[in-house]
Amino acid sequence: MHELKTVIRNELPPTALNTEDFYYELPPELIAQTPALKRESSRLLALNRKTGEIKHAVFSDITNFLNAGDVLVINDTRVIPARLRGVKEHTGAEIEVLLLRRLEDGVWETIVRPGRRVKAGVNIIFGSGQLCAQVIGIEEDGCRLLRFDCKGGEFFSIIDRIGSVPLPPYITEPSTDSSRYQTVYARENGSAAAPTAGLHFTRALLDELRQKGVKIASVMLHVGLGTFRPVKEKKIQDHMMHSEYFEVSAEAADIINSRTGRIVAVGTTSCRTLESAADENGVIHAVKGDTGIFIYPGYRFRATDALITNYHLPQSTLLMLVSAFSTREIVMSAYAEAIKEGYRFFSYGDAMFLY
C-alpha cells in the first residue's frame, strides 16, 4: 500500500460559479430530526444525471437500480463519541472538547469551548479522572491540539463510556438510539460525523445485492465536521478544503478494478476516496493518507459512475460535489422537486441516486 507524505489536493478547475449559486430555501419542517422508522424505508429520488429525468421510490428499491457486475463502494468508518465534557485542572472550569481528527496515536485536532480559557500547556480532566489531556498547540483557525494520556483501544473504550456523539446542530431533538447514527457496517473508529448515505442500508439489503451479483468494496474515510460547514468565501476557488484521513486496501482496489459493471459510490465520502485513489485512467490504487480533494462543477470524475447520497446543506462543498456529478442546473432542479414532494433533508433524511 502506498502511504502519502502530503495531503492530496487536486488542481481546481476554472469556474464562474460563486458560492451563492448553490443556495436554496428549505422549509425548516423538512429537516429530518429523527431517522426513518426503518433504515431502508427512507424515500429515494433516482436522478438521471444527464437528462434530469426523475423517478420516485423507496430506498429498498435500490436493488432495482443496481446490476450484476456493479461494485458498491461503502465507507466503513465508525463514528466515535467525539464530544467530551471536562474541567480545567486546578480551576475546575467546565470545558467542552470536540474531537475532529487523530493526527497520531494519542494526539487529536480538536475544537475547544470556550477556547479563550484554554492556552497551550493547560491540562483538561475528563470523566472524574478517567482521561486527561494537555493542550500542546493552537492552530491558526483556533483548533487546539490535545495529547491524551492513553492511546489505542484503551482511549476508545474510555470515550465510549464518557463521551457523546456530536449530532449536527440542525438536529435539535435528543437521540434515543445512537446506533441509528452509525452504519451497519461501521468498523474503524475515527469519524466525528456519520457517512450518512450509508445509514439507509441494512445487512439484509446488502445481502440481497450480493445475491444479485453486486460486489461490495469497503474503503475508509474518517469524516470531519468541516465536511458539513458552508463555504464562506464568495468565490468557490478561494475555499480551502479541509483534509481527512482515508485508506483503500489492496483487496478493495482489486474488487473495484476487476468489476464488469459500474462503480457506485455510497456517499460523497466514498466518492472523494475513490477520486483520491484513482489515477488518470481510472485505476484504483491501494493507498492511505490525507485528502483535501475539492470537487465542484468542472471536475472530471476518474472513477465514480453512480452516486448514492443524501440531501446536503445549501452552499456546502457536498452540494457542489453532487452538482459536479451532474450539472448545477439539474441537481438544483432535483432539489426543488424533492422539496415540493416533501422529502426529508440532511443527515437523517432521504436519499438520492444519481446514475
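Checked against (1) buried (at least 20 other Cβ atoms within 10 Å of the Cβ); (2) assigned to a strand (DSSP E or B); (3) among the aliphatic types (A, V, I, L, M), Ala193 passes all but a single condition, namely (2).
With respect to Ala306, determine if the residue is closer than 16 Å to Leu44 by Cβ and either in contact with a Ser or Thr (Cβ under 7 Å, 6 or more places away or on another chain) or buried (at least 23 other Cβ atoms within 10 Å of the Cβ) (or both). Write out each step before concluding.
Details: closer than 16 Å to Leu44 by Cβ: yes; either in contact with a Ser or Thr (Cβ under 7 Å, 6 or more places away or on another chain) or buried (at least 23 other Cβ atoms within 10 Å of the Cβ) (or both): no.
Answer is no for this residue.
Identify, please: which residue in segment 59-106 is in a loop (DSSP other than H, G, I, E, B) and of a type in the set (A, V, I, L, M, F, W, C) and is, among those, farthest from the chain's Cα centre (by Cα)?
As a first pass, look at segment 59-106 and keep what is in a loop (DSSP other than H, G, I, E, B): 66-70, 76, 80-82, 89-93, 105-106.
Still in the running and of a type in the set (A, V, I, L, M, F, W, C): 66, 68, 80, 82, 93.
Details: Leu66: 22, Ala68: 27, Ile80: 13, Ala82: 15, Ala93: 33 Å.
Filtering segment 59-106 for residues that are in a loop (DSSP other than H, G, I, E, B) and of a type in the set (A, V, I, L, M, F, W, C), the one farthest from the chain's Cα centre (by Cα) comes out as Ala93.
Looking only at residues in segment 32-47 that are out of contact with any strand residue (DSSP E or B) (no Cβ under 8 Å at 6 or more places or on another chain), in a loop (DSSP other than H, G, I, E, B) and not aliphatic (A, V, I, L, M), which one is farthest from Tyr348 (Cα to Cα)? Here the residue is Lys38. Scanning segment 107-136 for residues that are under 26 Å from the mean Cα position of the chain (by Cα) and β-branched (Val, Ile, Thr) returns Val107, Thr110, Ile111, Val112. Among the conditions (1) in contact with a helix residue (DSSP H, G or I) (Cβ under 9 Å, 6 or more places away or on another chain); (2) within 30 Å of Asp305 (Cβ to Cβ), the only one that Glu53 does not satisfy is (1).
Of all the numbered requirements in (1) of a type outside the set (Ser, Thr, Tyr); (2) in the same structural domain as Leu100 (by TED's automatic domain parsing); (3) closer than 18 Å to Ser218 by Cα, Arg187 misses one, and that requirement is (2). The set of residues from segment 129-140 being outside any strand (DSSP E or B) and in contact with a helix residue (DSSP H, G or I) (Cβ under 9 Å, 6 or more places away or on another chain) comprises just one member, Gln130.
Please determine whether any residue of segment 306-324 is part of a helix (DSSP H, G or I), touching a strand residue (DSSP E or B) at 6+ places or on another chain (Cβ under 7 Å) and assigned by TED's automatic domain parsing to the domain that holds Ile31.
yes
Would you confirm whether or not segment 141-153 contains a residue that is exposed (fewer than 11 other Cβ atoms within 10 Å of the Cβ), in a helix (DSSP H, G or I) and within 24 Å of the chain's Cα centre (by Cα)? Checking segment 141-153: at least one residue is exposed (fewer than 11 other Cβ atoms within 10 Å of the Cβ), in a helix (DSSP H, G or I) and within 24 Å of the chain's Cα centre (by Cα).
Just so you know, in segment 97-110 the residues that are free of Cβ contacts under 8 Å to residues at least 60 places away in the same chain and hydrophobic (A, V, I, L, M, F, W, C) include one that is nearest to Thr6 (Cα to Cα), and it is Leu103.
The values are calculated or read from the model by the stated rules, or taken from the named source; none is laboratory data. All figures in this text were calculated on a predicted structure; none of them were measured in a lab. Positions of Cβ are backbone-derived with ideal geometry, glycine not excepted, and every protein chain shown enters the neighbour counts.
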